[in-house]
Every structure is written in C-alpha cells, then in structure tokens.
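The values are calculated or read from the model by the stated rules, or taken from the named source; none is laboratory data. Source: prediction; values computed, not measured. Backbone-built Cβ (ideal geometry, glycine too); neighbour counts: all protein chains shown.
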Amino acid sequence: MRKPMMAGNWKMNKTVPEAVALARQIHALAGSSEGVEQLLCPPFICLHALKALTEETSFSLGAQNCHWEESGAYTGEISPAMLRGLADYVIIGHSERRQLFGESDENVNRKARAALAHEIRPVVCVGESLEQNERGQTGETINRQVRAALDGLSGAQVQSTIIAYEPIWAIGTGRAATAGTAGEICGQVRAILREMHGEAAADAVRILYGGSTKPDNIGAIMREPQIDGALIGGAALEAESYAEMVRITGELYGA
Ligand code: PGA
C-alpha cells in the first residue's frame, strides 16, 4: 500500500526562527503519525535548522527547487549536491516556477534526473491553466508534462518520484478541484505511468493533489483511491490546519 503523504509547501514564507517554531507546533499537534508521511518544504535557508529537529520528530524535509548542475557559475542557485543529506525530497516544476521563472518541461526533466542522482526524491508538479482547462486541454497538458518530466528515467527512478497534480486555477484561489475530478486526473497520471513503466511501477508511485486543500475538503480528496496525499500551500502555514489534515488522513488510512 502507498503511504499517504501530507506535503506542506511553505513557499517564500517564514524566517528561520519562524520555521522552527512552526515545525515544533506541528509536531506538538500532529505527533509522529506513523501512518502518514509529513513532508515539510520550507525555504532553503530553513532546511538546516529543521534538519536538527528531525532527530526528535518524524518529519521528512523537502526543498522547493534545485538546479540540475553539481556546482558552477549559477548565481543564486542551489544544487542537488548541496541538498544531499539535508532534503529527502525536492519540489520540481511547481506552477509558480513554471509561470514566474520560465521553467520549461525540459528543465523540469533535468532537475528530476539531477535530484535522483543525489538520492533526493523529486516531487514533480503538473497541472493545467484555467485557459487550458476551459478549452478541454487538461488531459493533453498533463500527458505532455508527465512524459517530459520523466523522460529517460528508469522504472526504479520513477518509483522514487512523486507526482503532484496541481491545477493552476486551484492554487491559492480557495477554489479546489472537486475530489472526483482530482481523483480522475490522478488516475490519468497513473495510466500514463503504467503505459511508460508497467503496472507494478505505476502502482508504487504516490500521486498527490494540490490546490486549495484544507481541513474541510481533505477527507473527500483522500477518499479518492487514486490520490495518495496532498501538496498543501496556505493551509500548511498554520500548524492547526496542517495537523488537522494529517489527523484526518491518518484516520482514513486506519493509522
Ligand atoms: P494552496 O497551494 O494550497 O495555497 O492552493 C498549493 C501549492 O501551491 O502547492
């Protein structure tokens, strides 16, 4: 069975002391929650301080981006070699990076390969814009993004990867996809994985939904059999709401 994951994408929020305080609050409220993986993705500069907390807590840690080269003249960038040992996961191709920082499918693929080469598991984000959604282009957009992101990866590497379906129109808008639609698209993602790498690999990959998830809708979302977790923005910045989402998920999975 795939272990459910509640992944908090803190985006460009929290100073180092604020990040430590938030992680401590979450731990106090959610505890270790054996059955649910709690992944915290703070800004880069907070990773070291949060890593120190993982001795007493069971958080997994993720970065929000990385470069694909090992090192070099890339001012302002962070390489997977630098993240090794600090981050278990790295979010790649978030729609904010695609839209605001010109991240292409090709670079998403380079980053995924580079992360895997350093034993960091990519959380690859895919999702259609409002315009694509209204034109009925959701399926083809997802298909293109998933195939491009995973191009050239082995079946084993794909199994170490997490895919997050995040419709852009649902991110930060308070307007989540319905659980049924989210489940259907996550099912389509799994079908693409099956076509690329076979049944066993496809069944092993965790697929998350992201976009305006909160305690109110997480139950319905997590009841969808094709959805294995959530990538949470706003609601992950409040210890109470994040911990509540972990609790609800744990209950659903009988943890
Ligand atoms: P949101 O963000 O939960 O605030 O909509 C989700 C995300 O961007 O990953």
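General observations
- Residue tally, condition out of contact with any helix residue (DSSP H, G or I) (no Cβ under 6 Å at 6 or more places or on another chain), more than 15 Å from Leu40 (Cα to Cα) and not in a loop (DSSP other than H, G, I, E, B), over region 83-104: 5
- Entry remark, region 140-158: residues being surrounded by 14 or more Cβ atoms within 10 Å (Cβ to Cβ) and either in a loop (DSSP other than H, G, I, E, B) or of a type outside the set (Lys, Arg) (or both) number 13 in total.
- Region 165-216: number of residues that are outside any helix (DSSP H, G or I) and either within 16 Å of the ligand (Cβ to nearest atom) or at positive phi (or both): 21
- Any hit, region 222-232, residues being within 16 Å of the ligand (Cβ to nearest atom), in contact with a strand residue (DSSP E or B) (Cβ under 9 Å, 6 or more places away or on another chain), on the phi > 0 side of the Ramachandran plot and not aliphatic (A, V, I, L, M): yes
- Qualifying residue in region 130-138 (condition: surrounded by fewer than 24 Cβ atoms within 10 Å (Cβ to Cβ), in contact with a strand residue (DSSP E or B) (Cβ under 9 Å, 6 or more places away or on another chain) and free of Cβ contacts under 8 Å to residues at least 60 places away in the same chain): no
- Of all the residues in region 213-250, those that are closer than 19 Å to Ile91 by Cβ, in contact with a Cys (Cβ under 9 Å, 6 or more places away or on another chain) and of a type outside the set (D, E, K, R) number 3.
- Scanning region 74-95 for residues that are surrounded by fewer than 20 Cβ atoms within 10 Å (Cβ to Cβ) and either of a type outside the set (Asp, Glu) or touching a residue at least 12 places away in the same chain (Cβ under 8 Å) (or both) returns Tyr74, Thr75, Gly76, Ile78, Ser79, Ala81, Met82, Arg84, Gly85, Leu86, Asp88.
- One residue stands out among those in region 233-255 that are assigned to a loop (DSSP other than H, G, I, E, B) and under 13 Å from Gly8 (Cβ atoms): the one that is farthest from the ligand (Cβ to nearest atom), which is Glu238.
- Qualifying position, being buried (at least 24 other Cβ atoms within 10 Å of the Cβ) and under 18 Å from the mean Cα position of the chain (by Cα), among Ile168, Ile218: Ile218
- Residue within region 108-122 that is closer than 20 Å to Met5 by Cβ, touching a residue at least 60 places away in the same chain (Cβ under 8 Å) and in contact with a Cys (Cβ under 9 Å, 6 or more places away or on another chain) present: no
- The set of residues from region 2-23 being within 14 Å of the ligand (Cβ to nearest atom), among the polar types (S, T, N, Q) and in a loop (DSSP other than H, G, I, E, B) comprises just one member, Asn13.
- Pairing each residue of region 44-69 that is at negative phi and assigned to a loop (DSSP other than H, G, I, E, B) with any residue that is exposed (fewer than 15 other Cβ atoms within 10 Å of the Cβ) and modelled with pLDDT under 95, provided the two are 6+ apart or on different chains, yields C-beta distances under 6 Å for Ser58/Ser32.
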